[in-house]
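Remarks on the structure that follows.
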Amino acid sequence: REIMQADLARLPEKMKAGALEAINEAADFMVVIAKSYCPVDTGTLEGSIRKEQSGNIVRVLAGGYQFLNPKTNRPCNYAVFVEAKHPFMRPAWETVRKFIDGQIRKKVLEKINK
């Protein structure tokens, strides 16, 4: 009985770990898809597409002042403008969105059943 209570107490932790694992995998996949949709001139914007994680928050970002365009020697702060004319993040999200719920369920069940 004590073993069962301990297992139940760890259940939320296991569920959270499984969900986070699924979200990380989805974000990795989204990065690949976004890069494939991204228009390329110098490759600066494409190279800036990345996943960042802070605790339980996982984001896929593009652009940033740390990425310099070799043609202009200016920061890659134009991702939002490119997205407005030639979407690359939105189609990537739409692709990943279709699979994320199922992947979360699968990973949570894997963690629970271990």
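The values are calculated or read from the model by the stated rules, or taken from the named source; none is laboratory data. Quick caveat: nothing in here was measured; it's all calculated off a predicted structure. Positions of Cβ are backbone-derived with ideal geometry, glycine not excepted, and every protein chain shown enters the neighbour counts. These area figures cover heavy atoms from the full protein model, side chains too; ligands, DNA and RNA do not enter into them. Shrake-Rupley method; radii C 1.70, N 1.55, O 1.52, S 1.80 Å.
Here are a few things to note about the model shown:
- Output for the stretch 76-92, where each listed residue is aliphatic (A, V, I, L, M), open to solvent by 60 Å² or more (accessible area, probe 1.4 Å) and in contact (Cβ under 8 Å) with a residue 24 or more places away in the chain: none
- From T95, T72, residue being hydroxyl-bearing (S, T, Y) and in contact (Cβ under 8 Å) with a residue 60 or more places away in the chain: T95
- The combined condition, being crowded, with 17+ Cβ neighbours inside 10 Å, under 13 Å from M89 (Cα atoms) and not small (G, A, S), is not fulfilled by V32.
- Any strands (runs of 3 or more DSSP E) falling wholly within the stretch 11-114 and containing at least 1 residues that are polar (S, T, N, Q): 50-54, 64-69
- Residue ID - surrounded by the fewest Cβ atoms within 10 Å (Cβ to Cβ), chosen from residues in the stretch 37-75 that are more than 23 Å from E25 (Cβ to Cβ) and touching a Lys or Arg at 6+ places or on another chain (Cβ under 8 Å): D41
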